1. Label point 7 Å out from Gln132 along Cα-to-Cβ: which residues of segment 99-125 have amide N under 20 Å?
2. Order the following by accessible area, largest value first: Glu120, Glu32, Glu133. Probe radius 1.4 Å; ligands, DNA and RNA are ignored.
3. On the full set of protein chains, 1.4 Å probe, figure out the accessible area of Trp99 and give it in Å² to the nearest 10.
4. Which value, in Å² and to the nearest 10, is the accessible area of Asp117 when all protein chains are kept and the probe is 1.4 Å?
5. Taking just the alpha-carbon atoms of segment 94-161, what radius of gyration and Dmax come out, in angstrom?
6. Ranked from the most accessible area to the least, with a 1.4 Å probe and all protein chains present, what is the order of Ser74, Ser35, Ser100?
7. Assuming R0 = 30 Å, can you tell me the calculated FRET efficiency for the pair Cys67 and Asp117, based on Cβ-Cβ distance, to the nearest 0.05?
Amino acid sequence: MFRPTPFLMPICLAVQAVTPVPSTLQALIESEAFSMPAGQLLQLGQSLPADPAFDVIQLIEDNQFRCDSAGRMSAVYRYVFRVDRESALSGWGGVQVSWSPWLNERPVIRARVITPDGREHALDPSTLGDAQEPDEAREMFGDRRLVRGPLPMLRVGAIAEVEIRVREHR
């Protein structure tokens, strides 16, 4: 599992210093996941220009890592994106996370999709499947699992917000 290293901090600060964040996005960055009203998030997403080079526009991606006093890590991954082309639906139409039962609790995935008509569609946890992750070599056996499921009602013009929580129990 990825462990953040201290040398990345100056790089992140340097990028933030030279890349001004529009005030409209700053509110999203500073908000808790799923706290921005659907209409406001849709309006924010629609206000950003499309980029012909990309199928989606990612509004934010936020990764937070914490270690408790016993050295167990917990991570929260959050990302918000707008679908600009039909071709994006095959790659961005679902959410998934890999985990190891011997090390991690089962990840918690939350998501919502706001369709262009302003309706909010929450991810139904019962649509998430749990399967063994395919091994890269047939001779190798592991306990890696994959939790995944479809983002509800995702279509061109929709805004999706996803949060994945992973926590070590060892």
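1. 99-107
2. Result, largest first: Glu32, Glu120, Glu133.
3. So the heavy atoms of Trp99 present about 20 Å² to solvent.
4. 100 Å²
5. Expressed in Å, the Cα Rg and Dmax of segment 94-161 come to 15.1, 50.
6. Final ranking, largest accessible area leading: Ser35, Ser74, Ser100.
7. In this case the efficiency is close to 0.10.
The values are calculated or read from the model by the stated rules, or taken from the named source; none is laboratory data. What you see is a predicted model; the values in this text were computed from it and never measured. Glycine gets a Cβ as well: all are built from the backbone with ideal geometry, and neighbour counts include every protein chain shown. Remember, those area values only see protein heavy atoms, side chains included, never the ligands or the DNA or RNA. Shrake-Rupley method; radii C 1.70, N 1.55, O 1.52, S 1.80 Å.
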